[in-house]
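Q: This structure is in C-alpha cells; I'll ask about it shortly.
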Amino acid sequence: MAAVRVAINGFGRIGRSAFKIAWERNDIEVVAVNDLTDTKTLAYLLKHDSAYGTYHHDVGYDEQNLMVDNQPIKGAQDVAIIRV
C-alpha cells in the first residue's frame, strides 16, 4: 500500500512533533511544511528542541526546502493552505 502523503500546516511545537512521528513511519510521507518562517529557521528549530533535545536525523535546508536525511520537503510560506 502506498504511503499517505501529508503537508504540515504550522511548524510550531505540535507541527514539529507530528513531523518527527511521521518521519519514523513507512506509511506516511511528509511532502511539505507550511509556516511563515523561513526554511533556515525551521531547520534550526527541528534540529534543536529545548524540550525534546537534539533531533537525531541530519537536518538542513536550502531556499525552498527543508532537508531531512538528504530528502527535500517543500517549505511553503503561504497563509492559504489550499495553495500549498
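Q: Limited to region 1-58, what total is found for residues that are basic (K, R), part of a loop (DSSP other than H, G, I, E, B) and touching a Phe, Trp or Tyr at 6+ places or on another chain (Cβ under 8 Å)?
A: Start the filter on region 1-58 by keeping residues that are basic (K, R), which leaves 5, 13, 16, 20, 25, 40, 47.
From what's left, part of a loop (DSSP other than H, G, I, E, B): 25.
Checking the rest, the ones that are also touching a Phe, Trp or Tyr at 6+ places or on another chain (Cβ under 8 Å) come to none.
The number of residues fulfilling the criteria is 0.
Q: Considering (1) surrounded by fewer than 13 Cβ atoms within 10 Å (Cβ to Cβ); (2) within 24 Å of A2 (Cβ to Cβ); (3) among the hydrophobic types (A, V, I, L, M, F, W, C), say which one L36 fails and leave the rest.
A: Checking L36 against (1) surrounded by fewer than 13 Cβ atoms within 10 Å (Cβ to Cβ); (2) within 24 Å of A2 (Cβ to Cβ); (3) among the hydrophobic types (A, V, I, L, M, F, W, C), the one that fails is (2).
Q: Any residue at all in region 59-72 that is among the aromatic types (F, W, Y), surrounded by 14 or more Cβ atoms within 10 Å (Cβ to Cβ), more than 17 Å from I8 (Cα to Cα) and modelled with pLDDT of 95 or more?
A: The initial filter retains those residues of region 59-72 that are among the aromatic types (F, W, Y), namely 61.
From what is left, the residues that are surrounded by 14 or more Cβ atoms within 10 Å (Cβ to Cβ) are 61.
Now narrow it down to the ones that are more than 17 Å from I8 (Cα to Cα): none.
Checking region 59-72: not a single residue is among the aromatic types (F, W, Y), surrounded by 14 or more Cβ atoms within 10 Å (Cβ to Cβ), more than 17 Å from I8 (Cα to Cα) and modelled with pLDDT of 95 or more.
Q: Let me ask you something else. Looking at region 37-56, I want the residues that are within 15 Å of K20 (Cβ to Cβ) and in contact (Cβ under 8 Å) with a residue 60 or more places away in the chain and have a partner that is part of a strand (DSSP E or B) and of a type in the set (V, I, T) with Cβ atoms under 9 Å, at least 6 apart or on another chain. Which pairs are those?
A: none
The values are calculated or read from the model by the stated rules, or taken from the named source; none is laboratory data. Just so you know, these numbers come straight off a predicted model, no measurement behind them. Using ideal geometry, Cβ is built from the backbone for each residue, glycine included, and neighbour counts are taken over all protein chains shown.
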